[in-house]
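A.B. asks: Once you've had a glance at the structure underneath, I'll fire off some questions.
Rule-based calculations on the coordinates, nothing more; no lab input. Everything quoted here is computed from the prediction, not taken from an experiment. Positions of Cβ are backbone-derived with ideal geometry, glycine not excepted, and every protein chain shown enters the neighbour counts.
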Ligand SMILES: Cc1ncc(COP(=O)(O)O)c(C=O)c1O
């Protein structure tokens, strides 16, 4: 008997530009590709304390949802930072430092050289900056501390104190603004220009299209681990949460390049109030969503798409869904308690969007049909964070997060 008590409402838009036969273009490969991912993977897997994260099979849940398989890539333990974002920002910091040292000395240093303090004098003069809703900034601050440079982070009015303190704990100066996420991106950009700081942003925009490629390449570490852990199996569906679309495009591009026509159906999932990717798909070009972008899923509270991400998602993502807020706490609780024989998993608010969409859509006959979900479906989702905001986690789940 099913014990799933998750409710919520959904919307769905099928992307008219998506087609299985679409080739992965050279322009798209210049953003993300399996070949380009190798350097990032070699680099990051050599960092101190690197460990792959687990891929859980949620077989009981899959069974009761009428699905063949649910794989859950669990990023709650990534580098002790509790989210997949640990991979992107810190890697892009390393790449920036390598480039600056190469400019100055004519020799490209290895990341191990930088870690060993061989270029301490140059590195300590550099200040890295970005805007964040929490997790990307934590990654950048951690990377800056690990490699020995300065760090200034901009946060918007709704970022919790806990998230702010987590970045300060890595030695970053954190500046809170009165505006929303997109305004913090613009301020980080203008102050970097006036103060000579290096921006390491996870979103790309007109005039800033290179560094976010490194951020996305960092995420491929997680994807290559997952491919290995699935051991030759290819999922039929990926339900992937979208903020600016950096993660979703990395997933789409990597799997498209790797698996071609056999690639899974890609379903992008966003909060109702922050559905810039869905609105862009409807318009056929990037459009911004204004307003408060209010959602519990703080990592997804973005109103403007990443232009690089859009180059891949515009004809690579098959479907765009939104989810209402009421599913967030129940899915977090279901994972925390462990569904029937499935493992207990710590999942933060932004982690559960993909899984929440799979649960809700599979139980709604019209949605299941529209998305082709059934007993033969093998679903891949990413639990993108653990309890990155422990107070919020305890409020929503009822139990404290693991230390
Ligand atoms: C936990 C978590 N999941 C998903 C996302 C979405 O990633 P993107 O903004 O690249 O779409 C974020 C972004 O910050 C996040 O922190």
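A.B. asks: Have a look at 71, 142, 47 and tell me which one the Gaussian network model of the chain (Cα, springs below 10 Å) gives the largest fluctuation.
C.D. replies: With Cα springs under 10 Å in the chain, the top fluctuation among 71, 142, 47 is at 47.
A.B. asks: To test your reading of the geometry: what angle, between 0 and 90 degrees and rounded to tens, separates the Cα axis of helix 34-44 from the longest principal axis of the chain?
C.D. replies: Orientation of helix 34-44: about 60 degrees from the principal axis.
A.B. asks: Looking only at the chain, where both bridge partners belong to it, what percent of the DSSP beta bridges are antiparallel (to the nearest 5)?
C.D. replies: DSSP beta bridges in the chain are roughly 25 percent antiparallel.
A.B. asks: Kindly provide the Kirkwood hydrodynamic radius of the range 297-374 in Å, to one decimal, from all pairs of distinct alpha carbon atoms.
C.D. replies: Evaluated over the range 297-374, this radius sits at 14.3 Å.
A.B. asks: What would the Debye formula give as log10 I(q)/I(0) at q = 0.11, 0.12, 0.22 Å⁻¹ for the alpha-carbon point model of the range 269-403, no solvent?
C.D. replies: Log10 of I(q)/I(0), two decimals: -0.44, -0.52, -1.35.
A.B. asks: Could you tell me how many degrees, from 0 to 90 and to the nearest 10, lie between the Cα long axis of helix 181-195 and the main elongation axis, the longest principal axis, of the Cα atoms of the chain?
C.D. replies: Value to nearest ten degrees: 10.
A.B. asks: Treat each spin label as a single point 7 Å out from the Cα along the C-beta direction, and report the residue 344 to residue 175 distance in nm.
C.D. replies: Taking the two extended label points, one gets 4.3 nm.
A.B. asks: Taking the chain as the reference, fit the longest principal axis to its C-alpha atoms, fit the long axis of helix 135-147 to the helix C-alpha atoms, and give the angle between the two in degrees, 0 to 90, nearest 10.
C.D. replies: 40
A.B. asks: Just the ratio, please: alpha-carbon radius of gyration of the range 85-211 over 2.2 N^0.38 Å, N its number of residues.
C.D. replies: Cα-based Rg divided by the globular estimate yields 1.01.
A.B. asks: Would you calculate the separation in nanometres between label points at residue 49 and residue 288, each defined as 7 Å from the Cα along the Cα-to-beta-carbon direction?
C.D. replies: Label-label distance for residue 49 and residue 288, simple model: 3.7 nm.
A.B. asks: Please quote Rg/Rh for the range 132-195 to two decimal places, taking the Kirkwood radius as Rh and restricting both calculations to Cα atoms.
C.D. replies: 0.95
A.B. asks: Regarding the range 343-403, what whole-number volume in Å³ per residue does the convex hull of its Cα atoms give?
C.D. replies: Value for the range 343-403: 102 Å³ per residue.
A.B. asks: Which order do peptides 383-390, 163-170 fall in by mean Cβ count within 10 Å, highest first?
C.D. replies: 383-390, 163-170
A.B. asks: So if R0 is 45 Å, what FRET efficiency would residue 121 and residue 3 give, r being the distance between their Cβ atoms, rounded to the nearest 0.05?
C.D. replies: 0.15
A.B. asks: Also, quick follow-up: Please compute the alpha carbon radius of gyration of the range 1-98, then divide it by the globular-protein estimate 2.2 N^0.38 Å. Two decimals is fine.
C.D. replies: This ratio for the range 1-98 stands at 1.50.
A.B. asks: Further question on the same structure: Kirkwood Rh over alpha-carbon pairs of the range 189-293, then Stokes-Einstein at 10 °C and 1.306 mPa s: what D in µm² s⁻¹, rounded to an integer?
C.D. replies: This corresponds to a translational diffusion coefficient of 101 µm²/s.
A.B. asks: Normalized C-alpha radius of gyration of the chain, against 2.2 N^0.38 Å?
C.D. replies: My calculation over the Cα atoms of the chain gives 0.93.
A.B. asks: Given the C-alpha atoms of the range 229-290, compute the convex hull and give its volume per residue in Å³.
C.D. replies: It is 96 Å³ per residue.
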